[in-house]
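J.: The structure under discussion is supplied below as structure tokens; questions concerning it will follow.
The values are calculated or read from the model by the stated rules, or taken from the named source; none is laboratory data. Note that the structure is a prediction, hence the values are computed from the model and not measured. Cβ placement follows ideal geometry from the backbone for every residue including glycine, while neighbour counts extend to all protein chains displayed. Side chains included, ligands, DNA and RNA excluded: accessible areas come from the protein's heavy atoms. Shrake-Rupley method; radii C 1.70, N 1.55, O 1.52, S 1.80 Å.
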Amino acid sequence: MAVAPFLRMKGTPSDLIASHTRLFPQDQGRVQLLHEGTSFEGQAAYCVFFQNIRTYIDELERSATPFAFTLYPGGSFYINEPAVDEKLKRIFDSPAFKCVIATQKITRDYLIEKGLCDEERIRMIHGGVMPPLDLDEMPEKLYFGVHKKTVDICFAAWKYMPLGRDKGFDTFIHAARILAKRFAFVQFHVVGPWDEEEMDVSDLAGRIHFHAPMSSTDLRKFFRRIDLIVSPNRAFTLMPGKFDGFPLGCCVEAALSGVAVCATDELGQNLRFTHGRDILLCGVEAAAVADMAGEAIANYDGLCELAAAGLRKFSEVFSWEAQMAPRLEVLSQLLSLPVPPPVPPPRPVPPLP
């Protein structure tokens with residue numbers, strides 16, 4: 001069984017487990033493959049993404065295993081989709097269901113407004129769990145006029161549709177053309193499965209650089225020479241009801257590496273950040289993105305201050321304490337629940353004489 005070819009990952013799930021345990025030998029023997037139909041023997045269960053809990057709900061219920069899960073955007077979860085709502089209701093109505101963690105305001109509000117889940121069973125933990133970062137082990141942060149002669153602007157995302165319209169790749173390229181005419185010293189970078197064939201970038205030749213997908217560690221090192229990341233993603237573009245979380249993971253990785261963030265928030269999901277202080281909130285149109293980025297570039301000292309404030313704020317919002325402590329509390333509560341007896345399999349009906 002190959003691993004998700006659309007992720008361009010090679011090997012099998014067993015290969016990934018072996019790779020993980022090489023990095024984290026303390027997990028040797030603790031990470032196992034879980035197949036659909038596998039019998040559960042644990043005291044409680046927890047997983048992330050709608051697709052995963054949907055896959056195992058029948059077995060969790062049959063084994064009477066109390067469970068909680070995190071409902072991140074994506075993972076087959078869309079809003080205003082009757083088929084998804086029906087499956088969510090099946091999960092939330094299960095006697096084994098105890099709690100759902102919502103990571104976005106729109107998710108929490110949707111579950112309540114649609115009557116899919118009781119509010120008291122929803123835990124709102126904005127954001128997501130990110131690997132801890134030790135800046136002391138990172139390369140030196142490079143600054144324009146001190147370490148380099150360019151201001152470097154980046155776009156990073158995975159490709160899910162032509163022109164990457166859902167992530168704003170097309171917007172980034174159009175904004176880059178505008179900025180390239182204003183600033184001769186600005187360079188542009190694209191990280192992910194993108195190349196010059198996606199859009200005509202001949203007018204940016206020598207000033208735009210494409211980088212293959214990177215691991216989280218390599219990406220954070222790469223960000224140490226980037227000044228600004230632009231994330232003009234659009235909601236409900238890949239398909240109706242499909243939305244991204246705010247901020248995107250690439251923006252979190254960048255901010256934690258000392259990069260200023262310019263991102264869209266069409267759905268009003270921002271709960272913790274302040275425009276102009278620790279983040280820039282832009283529109284989805286190329287001209288608006290270019291104007292906001294251009295103002296930041298023209299005031300480079302202010303851009304550096306924004307990045308520093310963003311690093312402090314993102315470090316607070318995505319700290320281990322802010323993200324893991326409430327999750328561990330949910331798991332602790334799950335483990336303290338009495339384990340009910342499993343539901344016996346249905347009695348076979350004898351054939352008619």
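J.: Among the residues of region 62-73, how many are in a strand (DSSP E or B) and open to solvent by 10 Å² or more (accessible area, probe 1.4 Å)?
T.: Here the count works out to 0.
J.: Output the residue which, of all residues in region 178-237 that are among the hydroxyl-bearing types (Ser, Thr, Tyr) and in a loop (DSSP other than H, G, I, E, B), is nearest to residue 252 (Cα to Cα). Write out each step before concluding.
T.: We begin by selecting, within region 178-237, every residue among the hydroxyl-bearing types (Ser, Thr, Tyr); these are 202, 215-217, 231, 237.
Cutting the leftovers down to in a loop (DSSP other than H, G, I, E, B) gives us 215, 237.
On the way: 215: 14, 237: 22 Å.
For region 178-237, the residue satisfying everything is 215.
J.: Can you find, within region 100-155, the residue that is most open to solvent (accessible area, probe 1.4 Å) among those that are in contact with a Phe, Trp or Tyr (Cβ under 9 Å, 6 or more places away or on another chain) and among the acidic types (Asp, Glu)?
T.: Result: 118.
J.: Out of everything in region 78-94 that is free of Cβ contacts under 8 Å to residues at least 60 places away in the same chain and in a loop (DSSP other than H, G, I, E, B), what residue ends up being surrounded by the most Cβ atoms within 10 Å (Cβ to Cβ)?
T.: From region 78-94, those free of Cβ contacts under 8 Å to residues at least 60 places away in the same chain are 82-83, 85-94; that's our starting set.
Imposing the further condition that a residue be in a loop (DSSP other than H, G, I, E, B) reduces the set to 93-94.
On the way: 93: 11, 94: 16.
Going through the qualifying residues, I end up with 94.
J.: Also: For region 259-279, which residues satisfy the criterion of being open to solvent by 60 Å² or more (accessible area, probe 1.4 Å) and either farther than 10 Å from residue 310 by Cα or of a type in the set (Ser, Thr, Tyr) (or both)?
T.: Here is the first cut: in region 259-279, the ones open to solvent by 60 Å² or more (accessible area, probe 1.4 Å) are 266, 271-272, 275, 277.
Selection gives 266, 271, 272, 275.
J.: Counting just the residues of region 35-64 that are over 28 Å from the mean Cα position of the chain (by Cα) and in contact (Cβ under 8 Å) with a residue 60 or more places away in the chain, which one comes out nearest to residue 107 (Cα to Cα)?
T.: Of everything passing the filter in region 35-64, 61 is nearest to residue 107 (Cα to Cα).
J.: Could you tell me whether region 157-165 includes any residue that is without any contact (Cβ under 8 Å) to a residue 40 or more places away in the chain, crowded, with 20+ Cβ neighbours inside 10 Å and at negative phi?
T.: Checked against the condition, which is being without any contact (Cβ under 8 Å) to a residue 40 or more places away in the chain, crowded, with 20+ Cβ neighbours inside 10 Å and at negative phi, region 157-165 yields no hits at all.
J.: Here's a follow-up. Quick one: count up the residues across region 1-19 that are open to solvent by 60 Å² or more (accessible area, probe 1.4 Å) and either under 21 Å from residue 327 (Cβ atoms) or modelled with pLDDT of 80 or more (or both).
T.: Counting residues in region 1-19 that are open to solvent by 60 Å² or more (accessible area, probe 1.4 Å) and either under 21 Å from residue 327 (Cβ atoms) or modelled with pLDDT of 80 or more (or both) gives 3.
J.: Which residues, counting only those in region 113-159, are modelled with pLDDT of 90 or more and of a type in the set (Asp, Glu)?
T.: Selection gives 113, 118, 119, 120, 140, 152.
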